[in-house]
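Trainee: The structure's right below; bear with me while I get my questions together.
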Ligand SMILES: Cc1cc2nc3c(=O)[nH]c(=O)nc-3n(C[C@H](O)[C@H](O)[C@H](O)COP(=O)(O)OP(=O)(O)OC[C@H]3O[C@@H](n4cnc5c(N)ncnc54)[C@H](O)[C@@H]3O)c2cc1C
């Protein structure tokens, strides 16, 4: 028996931040849109959980901001960094214009569940969980949809536009003949949860010194802790044993030293293989890639979720009107890439520069900053904290949701 065929204006592979926001934006314009998510739920730990001011602005423009802020989440005005034992106030979101002058930490599944609930009200919206896009359907050179496997069996979804929002290990982008260009990365990150220590300490992004780099992201009832390691260094670390790992983290992040014994098994420690890449071409006829599928971001600055959402806004602004006429002109898809690639590459260059500094720290070569560098940073702190808030919090060329057609 042949697979059932569904006809849509847009089919989106991937229910991550890019796909879920794009689905919402297009359904809000009255379009028939299906989002395919291969997992049965959104519950995945240690994903991008930082919602930046640029995303709060997008949620505000969609009328969702107040309801989103009612979820249990942590608001953060700014982030300190402790370098060589010196606390520096280097990112201050409260210097941005109100009301979006803070950062939100929310588990990614809460954001995605929220978007699913809010999108369900639109008649043309469909979210298919446990449904994996397995390949593209082509007519000549034109992509006309995807094949998928679902609990009900094989499916064919035909659409005017097929979107790969299936993340940095995208299945669909190689199918579309699009190859990413890799930027060499010298670091990986280990993530693990630690309980809150008895002694509270100020919101701190990380601790950097000759021992290494430890990350301390406050969550409602615990800390999301991170340790930056040299690329591929996990095996060497495991050989030294869990006690050496705990001691390294305790040395790097003294405020969490008292709770590091909570790590009793390597299964509690998740490796993020850090990656930076971008597609030279994001589109072909009937097809476009967005989010991590178009450009994997490093976790430096925690911008991945927000850049993925900005792509979704840029694409919806360009394509909603033609899609309503049954068309997805390649010039529009090309315009989305032109608009978004510049901010993406600028941020990736900054991330690569941060990695270079991090690699120096994790190579254990002693102090990170010379006394002169430290004094210069201290003197420039008021300016630095405004610039970093702008670059990290709002990003380059922030997108705005176009009014409904
Ligand atoms: C461990 C880790 C920590 C991170 N920390 C941060 C952070 O603190 N802050 C931050 O902003 N960013 C962070 N990032 C990056 C951030 O998570 C990503 O940049 C962001 O989620 C990209 O969104 P996306 O929608 O493009 O892709 P993804 O979030 O990767 O979503 C892709 C979705 O597609 C689904 N999928 C994949 N293949 C298929 C298929 N064939 N069919 C159907 N569905 C499919 C996946 O299950 C997934 O739900 C982190 C990433 C990782 C891996």
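Trainee: Mind checking whether some residue in the range 184-200 is farther than 30 Å from residue 71 by Cα, crowded, with 17+ Cβ neighbours inside 10 Å and over 20 Å from the mean Cα position of the chain (by Cα)? First the steps, then the outcome.
Mentor: Within the range 184-200, the first condition is being farther than 30 Å from residue 71 by Cα, and the residues that meet it are 184-188.
Now narrow it down to the ones that are crowded, with 17+ Cβ neighbours inside 10 Å: 185-188.
From what's left, over 20 Å from the mean Cα position of the chain (by Cα): none.
No, the range 184-200 contains no residue that is farther than 30 Å from residue 71 by Cα, crowded, with 17+ Cβ neighbours inside 10 Å and over 20 Å from the mean Cα position of the chain (by Cα).
Trainee: On to the next question. What number goes with the only condition from (1) over 30 Å from residue 136 (Cα atoms); (2) touching a strand residue (DSSP E or B) at 6+ places or on another chain (Cβ under 7 Å); (3) crowded, with 18+ Cβ neighbours inside 10 Å that residue 230 does not pass?
Mentor: Condition (3) is where residue 230 drops out.
Trainee: While we're here: Of the conditions (1) more than 23 Å from residue 128 (Cα to Cα); (2) modelled with pLDDT under 95; (3) within 15 Å of the ligand (Cβ to nearest atom), residue 72 fails just one. Which one is it?
Mentor: Going through (1) more than 23 Å from residue 128 (Cα to Cα); (2) modelled with pLDDT under 95; (3) within 15 Å of the ligand (Cβ to nearest atom) one by one, residue 72 breaks only (3).
To keep it simple, each residue is scored yes or no on (1) part of a loop (DSSP other than H, G, I, E, B); (2) within 30 Å of residue 325 (Cα to Cα); (3) not assigned by TED's automatic domain parsing to the domain that holds residue 309.
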{"site": "145", "(1), (2), (3)": "no, yes, no"}
{"site": "155", "(1), (2), (3)": "no, yes, no"}
{"site": "158", "(1), (2), (3)": "no, yes, no"}
{"site": "178", "(1), (2), (3)": "yes, yes, no"}
{"site": "213", "(1), (2), (3)": "no, no, yes"}
{"site": "225", "(1), (2), (3)": "no, no, yes"}
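Trainee: When you go through 30, 15, 63, 48 one by one, which is the residue that is assigned by TED's automatic domain parsing to the domain that holds residue 286, out of contact with any helix residue (DSSP H, G or I) (no Cβ under 6 Å at 6 or more places or on another chain) and either within 13 Å of the ligand (Cβ to nearest atom) or under 25 Å from residue 295 (Cα atoms) (or both)?
Mentor: Values: 30 fails: either within 13 Å of the ligand (Cβ to nearest atom) or under 25 Å from residue 295 (Cα atoms) (or both); 63 fails: either within 13 Å of the ligand (Cβ to nearest atom) or under 25 Å from residue 295 (Cα atoms) (or both); 48 fails: out of contact with any helix residue (DSSP H, G or I) (no Cβ under 6 Å at 6 or more places or on another chain).
None of the other options fit; the residue is 15.
Trainee: Sticking with this one: Does residue 204 qualify as being at pLDDT below 90, in the same structural domain as residue 250 (by TED's automatic domain parsing) and crowded, with 16+ Cβ neighbours inside 10 Å?
Mentor: yes
Trainee: Only one residue in 360, 349, 378, 340 is in a helix (DSSP H, G or I), over 15 Å from residue 163 (Cα atoms) and in contact with a helix residue (DSSP H, G or I) (Cβ under 7 Å, 6 or more places away or on another chain). Which one?
Mentor: Step by step, each of 360, 349, 378, 340 is checked, and only 340 is in a helix (DSSP H, G or I), over 15 Å from residue 163 (Cα atoms) and in contact with a helix residue (DSSP H, G or I) (Cβ under 7 Å, 6 or more places away or on another chain).
Trainee: For the range 381-405, name all the residues that are in contact (Cβ under 8 Å) with a residue 40 or more places away in the chain and not in a helix (DSSP H, G or I).
Mentor: 395, 396, 397, 398, 399, 400, 401, 402, 404, 405
Trainee: State whether the residues of the range 188-203 include one that is outside any strand (DSSP E or B) and under 24 Å from residue 344 (Cβ atoms).
Mentor: No, the conditions are met nowhere in the range 188-203.
Trainee: Here is a further query. How about the range 151-183: which of its residues are surrounded by fewer than 19 Cβ atoms within 10 Å (Cβ to Cβ) and away from the ligand (no atom under 13 Å from the Cβ)?
Mentor: 151, 152, 153, 154, 156, 158, 177, 179, 181, 182, 183
Trainee: Tally time: how many residues in the range 117-137 are surrounded by fewer than 21 Cβ atoms within 10 Å (Cβ to Cβ) and outside any strand (DSSP E or B)?
Mentor: Counting residues in the range 117-137 that are surrounded by fewer than 21 Cβ atoms within 10 Å (Cβ to Cβ) and outside any strand (DSSP E or B) gives 9.
Trainee: Further question on the same structure: Within the range 210-221, track down each residue that is out of contact with any helix residue (DSSP H, G or I) (no Cβ under 7 Å at 6 or more places or on another chain) and at pLDDT below 90.
Mentor: 210, 217, 218, 219, 220, 221
Trainee: Right, here's the next one. Working only within the range 261-314, note down all residues that are away from the ligand (no atom under 12 Å from the Cβ), in a helix (DSSP H, G or I) and over 18 Å from residue 44 (Cβ atoms).
Mentor: Matches in the range 261-314: 261, 262, 266, 313, 314.
Trainee: Mind checking which pairs have a first residue in the range 165-188 that is without any contact (Cβ under 8 Å) to a residue 60 or more places away in the chain and a second that is more than 10 Å from the ligand (Cβ to nearest atom), Cβ under 8 Å, 6 or more apart or different chains?
Mentor: Cβ pairs passing all conditions: 175/136.
Trainee: Any idea which of (1) outside the structural domain of residue 160 (by TED's automatic domain parsing); (2) part of a strand (DSSP E or B) is the one residue 244 doesn't satisfy?
Mentor: Exception for residue 244: condition (2).
Trainee: Which condition does residue 249 not pass, out of (1) part of a loop (DSSP other than H, G, I, E, B); (2) in contact with a strand residue (DSSP E or B) (Cβ under 6 Å, 6 or more places away or on another chain); (3) without any contact (Cβ under 8 Å) to a residue 40 or more places away in the chain, if it passes all the others?
Mentor: Among (1) part of a loop (DSSP other than H, G, I, E, B); (2) in contact with a strand residue (DSSP E or B) (Cβ under 6 Å, 6 or more places away or on another chain); (3) without any contact (Cβ under 8 Å) to a residue 40 or more places away in the chain, the lone unmet condition for residue 249 is (1).
Trainee: For the range 103-114, does any single residue satisfy the condition of being assigned to a loop (DSSP other than H, G, I, E, B), touching a residue at least 40 places away in the same chain (Cβ under 8 Å), in contact with a strand residue (DSSP E or B) (Cβ under 9 Å, 6 or more places away or on another chain) and crowded, with 16+ Cβ neighbours inside 10 Å? Break it down stepwise before answering.
Mentor: Restricting attention to the range 103-114, the residues satisfying the condition of being assigned to a loop (DSSP other than H, G, I, E, B) are 106-107.
Still in the list and also touching a residue at least 40 places away in the same chain (Cβ under 8 Å): 106-107.
Imposing the further condition that a residue be in contact with a strand residue (DSSP E or B) (Cβ under 9 Å, 6 or more places away or on another chain) reduces the set to 106.
If we keep only those that are crowded, with 16+ Cβ neighbours inside 10 Å as well, we get 106.
So far as the range 103-114 goes, yes, one or more of its residues are assigned to a loop (DSSP other than H, G, I, E, B), touching a residue at least 40 places away in the same chain (Cβ under 8 Å), in contact with a strand residue (DSSP E or B) (Cβ under 9 Å, 6 or more places away or on another chain) and crowded, with 16+ Cβ neighbours inside 10 Å.
Trainee: Name the residues in the range 281-303 that are surrounded by fewer than 22 Cβ atoms within 10 Å (Cβ to Cβ) and either at pLDDT 95 or above or closer than 13 Å to residue 162 by Cα (or both), would you?
Mentor: The answer is 281, 284, 285.
Trainee: Please enumerate the residues belonging to the range 33-45 that are within 7 Å of the ligand (Cβ to nearest atom) and over 17 Å from the mean Cα position of the chain (by Cα).
Mentor: Passing the criteria: 36, 38, 39.
The values are calculated or read from the model by the stated rules, or taken from the named source; none is laboratory data. These numbers were taken from a predicted model, which means no experiment stands behind them. Neighbour counts are summed over all protein chains in view; Cβ atoms, including those assigned to glycine, are modelled from backbone coordinates with ideal geometry.
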